[in-house]
1. Which fully enclosed strands (runs of 3 or more DSSP E) of the stretch 82-166 have 3 or more residues being surrounded by fewer than 13 Cβ atoms within 10 Å (Cβ to Cβ) and at negative phi?
2. When both residues are 6+ apart or on different chains and their Cβ atoms are under 7 Å apart, which pairs have a first residue that lies in the stretch 72-99 and is outside the structural domain of Ser132 (by TED's automatic domain parsing) and aromatic (Phe, Trp, Tyr), and a second that is at pLDDT 95 or above and part of a strand (DSSP E or B)?
3. Output the number of the condition that Ala118 fails; it satisfies all remaining conditions of (1) at pLDDT below 95; (2) under 14 Å from Ala91 (Cα atoms).
4. Does at least one position in the stretch 15-25 carry a residue that is in a loop (DSSP other than H, G, I, E, B), modelled with pLDDT under 75 and not small (Gly, Ala, Ser)?
Amino acid sequence: MGQPQGIAERIFGRGFFMIRKWVVLFVVLSLVGIVVLSGCVGQQSTPQTTKVPTGSSTQKTQEPGNQTVKPTTQVTIPVTGVFVKVSYLGAFNGTYGMNGAMQQVKNSGDRMYEIINATGNVTATFYKQDGSTKHDITVELWKNGKSLTSAKNTTPFGKASITYKL
């Protein structure tokens with residue numbers, strides 16, 4: 001006669017138990033896959049940090065017919081002192097200062113340059129270093145948090161210049 005059969009095996013047959021084993025295996029593997037794909041296993045949490053930029057920069061990626069420019073961060077206007085603010089999305093160079101004591105700089109983005117012990121004529125002249133016509137180069141003179149004068153230029157390789165007597 002063979003081996004004794006249980007009640008469930010007699011009612012459902014041997015194939016039922018094989019199907020049930022495959023279904024259980026499939027469900028277990030599916031749950032393991034979901035846990036692994038959701039990132040609950042094998043990854044340690046990292047603390048959230050906020051990166052505060054200390055300056056601004058311009059990042060360019062050149063592809064045929066495509067140019068991407070990373071936006072720059074805003075600068076804070078100090079409430080005391082005399083400053084020249086230069087704003088241009090691309091690269092610029094120029095000079096700033098007073099009474100013949102001029103400083104030369106090359107940079108990009110929004111930048112503040114302090115003029116210490118400023119008296120007399122303050123001059124600032126800056127040039128765009130590219131042929132862009134989409135963005136202005138702007139030069140401003142600030143004293144104690146107030147704008148005194150400004151100049152801007154959109155032309156390719158344009159020049160923005162200010163002179164002001166303090």
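1. 101-115
2. Listed by first residue and then by second, the contacts come to nothing, as the list is empty.
3. (2)
4. no
The values are calculated or read from the model by the stated rules, or taken from the named source; none is laboratory data. Keep in mind that what you see is a predicted model, and the values were worked out from it rather than measured. Counting neighbours? That spans all protein chains shown, and the Cβs are built from the backbone with ideal geometry, glycine included.
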